[in-house]
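The values are calculated or read from the model by the stated rules, or taken from the named source; none is laboratory data. These figures come from a predicted structure and were not determined experimentally. Cβ atoms come from the backbone with ideal geometry, glycine included; neighbour counts cover every protein chain shown.
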Amino acid sequence: MNRYELLLRDRCAIDPRVMVLTAENRGHMRNVPQYLGDRFVDVGIAEQTMLGMAAGLASRGRVVIVHALAAFLTLRAFEFIRDDVAIPNLPVIMVGMVPGILSDGNGPTHQAIDDVGLMRGLPNVGVFAPADEEEFVEGMAELLDNPRPCYVRYVGTPTSYYREERTTLHRGVVVCDERECCPEVALLTYGAMLPHALLAAQKLEQQGVSVRLIHMPMLAPLDEAIIVEALNDATMTVIVEDHLIRSGLYSAVCEIAVRHRIAAAIHPIGLMTWFPAGRLPQVLRVTGLDADSIASRIRTLLNNESAPERPTSDEIPA
Amino acid sequence: MTYDRGRCEEISIRVREHILAMSTDGGCFTGASLSCADLLVYLYTSYLNVQPDTLKDPNRDILLLSKGHDVPALYGTFAELGFIERERLANHLDCNDHIYWHPNRAVPGVEFHSGSLGHLLSVGMGMALSIRMEQRASRVVVILGDGELNEGSIWEAFQVAHALHLDNLIAIVDRNWFQANVRTEELIPLEPLDEKFRAFGWNTARVDGHDFDALHACMSSLPLGTGRPTVVIADTMRGKGVPSIQERPDRWFCNFTHDEVAQLTDELHGNAVATLVSPTLIVR
């Protein structure tokens, strides 16, 4: 059994409130139905019904974890999340599978690259974007300790990308910061982009560029303090995300800068539109989200602050 | 619960008075409220195991109004049965209260809010599933509109409820044959509705939704079989009880003058027919 399956099995054993639902998406928890009995419900390909049912179950005092492909969960069932989970503020934890860049070969219908924007736009709904399996499982445990509506971008990579003590879900994490004060670049990222941003930061350090890499596992509510500090400390703040740059973390950081009246150089490295379908390494390269592209882009930005921005319109071909 | 037709009839007249009283100063969905008034009065007086003093009892029965725009009928029933004060209905459309065009859980008796159609069958399924796991005898009754059956999520839910064998779940379709300003059969034909529900694996019954004796006979015969959810198609009439607006496509959402409300209330009691001058809301 994987760590998530163990968590579900153990939590269901000690907490009779916990229910696990899926919309025919159980690849990451194939071994749990046998342990969960009637606490596990597969509703078939019916995301809307699953969210409505989750709300009904939660209204009876249950804590419900639902699973579906991230795109269908957040788009097909969006109104059910908004009306039936967010408005009554019911403890439903919504796990979206293959979010963002991880959708690799599926094509645009399956690409959840607007999910963070949709979910962080909903009052009462948290957004959790872990970088690896360890963080995912620990975050889920914390959510089960304090159940509340939360969307989770599932990442199951078994490698753990940072060793620092995992703190509460509300905090951003400084993954590396060679200079510890006033770096040239503050690099903010989350989820599946962390390993690529980490590699990019290491390349930049080798080339003499100081980087503070900050992982933001919680995108709503955001750790504003760590962002404000980065905006004030760094010469330049760069946001790396496998998400549309509008409505994702880049947008959130800009909102914070404006609200705090910080005049900072803030640059997005993210998606402008749906990405071409293919194998993940190639997808990362063509979208400019692999470590080499990230490092190279940042060097260009540092060398020429007035360099023209990459186009930010919707007109870029996929 | 003791069934008393005379009591049902008395209460339903007063509920219709409340609906008409809310059909001014901003108005409400009068026609759809009048079509399900008898249903709600029957259910709350004679079928559901829920009282004003048992609203927190985990063993109570649950009613969900998925076609939330007929909430004046629900609040009228609540006012008559003591769930809320009658005077509170005067707060209709006052931001300081929660009495508006769709149900809000802040009003005692409302189990879940609604507004957007096609939601509460699946919410009711979650409740019914939980109740079954809690090993309680409570039933979950979900009132659906017939126009609401256009929504795909309803049919998704019908399939899943069958798969989950939710026999403590009862859907009642307020079959008033209208949706907004058109007759259902002229827009998205629904019939033969009972055959469709049967094909989805539900126990299916059909009844005159304004005949209390028939309703009582039908509901008393439930469950029609174990292991399956039940749907009751209640044939009703939009605007029932007030001939001037009965079955009129243009009298869907009504915002009458005070004088018109007085005339319609007279009409409800069998007196002169009202002369309506206020504009109608046509969306189609």
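Within region B:183-198, track down each residue that is touching a Gly at 6+ places or on another chain (Cβ under 9 Å) and over 20 Å from B:LEU121 (Cβ atoms).
B:LEU187
Does B:GLY76 fit the bill of being crowded, with 19+ Cβ neighbours inside 10 Å and within 14 Å of another protein chain (Cβ to nearest Cβ)?
When the stated conditions are applied, B:GLY76 does not pass them.
Sort through A:ASP42, A:ASP15 and tell me the only one that's surrounded by fewer than 20 Cβ atoms within 10 Å (Cβ to Cβ), closer than 20 Å to A:GLU142 by Cα, at pLDDT 95 or above and touching a strand residue (DSSP E or B) at 6+ places or on another chain (Cβ under 8 Å).
Unique residue meeting the criteria: A:ASP15.
Go through B:VAL160, B:VAL123, B:VAL110 for me and flag whichever is in contact with a Phe, Trp or Tyr (Cβ under 8 Å, 6 or more places away or on another chain) and either in a loop (DSSP other than H, G, I, E, B) or within 8 Å of another protein chain (Cβ to nearest Cβ) (or both).
B:VAL123
Would it be correct to say that A:GLY56 is farther than 27 Å from A:THR159 by Cα, crowded, with 16+ Cβ neighbours inside 10 Å and either not assigned by TED's automatic domain parsing to the domain that holds A:GLY96 or not β-branched (Val, Ile, Thr) (or both)?
yes
Inside region A:41-137, counting only strands (runs of 3 or more DSSP E) that do not spill past its ends, which hold 3 or more residues that are within 14 Å of chain B (Cβ to nearest Cβ)?
A:63-69
Being over 30 Å from A:VAL64 (Cα atoms) and either in contact with a strand residue (DSSP E or B) (Cβ under 9 Å, 6 or more places away or on another chain) or away from chain A (no Cβ under 14 Å) (or both) is the requirement here; does B:THR30 meet it?
So B:THR30 passes the test.
Go through (1) surrounded by fewer than 19 Cβ atoms within 10 Å (Cβ to Cβ); (2) assigned to a loop (DSSP other than H, G, I, E, B); (3) of a type in the set (A, V, I, L, M); (4) modelled with pLDDT of 95 or more one by one and return the number of the condition A:VAL258 breaks.
The one condition A:VAL258 does not meet is (2).
May I ask you to list pairs of residues, at least six apart or on different chains, whose Cβ atoms are under 6 Å apart, with the first in region B:59-82 being farther than 14 Å from B:ASP38 by Cβ and the second being of a type in the set (Asp, Glu)?
So the pair list comes out as B:ILE62/B:GLU111; B:LEU64/B:GLU111; B:LYS67/B:GLU148.
A quick yes/no check of all residues on (1) at pLDDT below 95; (2) buried (at least 22 other Cβ atoms within 10 Å of the Cβ); (3) within 27 Å of B:ALA171 (Cβ to Cβ):
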position	(1), (2), (3)
B:MET219	no, yes, yes
B:THR230	no, yes, yes
B:LEU264	no, yes, no
B:HIS269	no, no, no
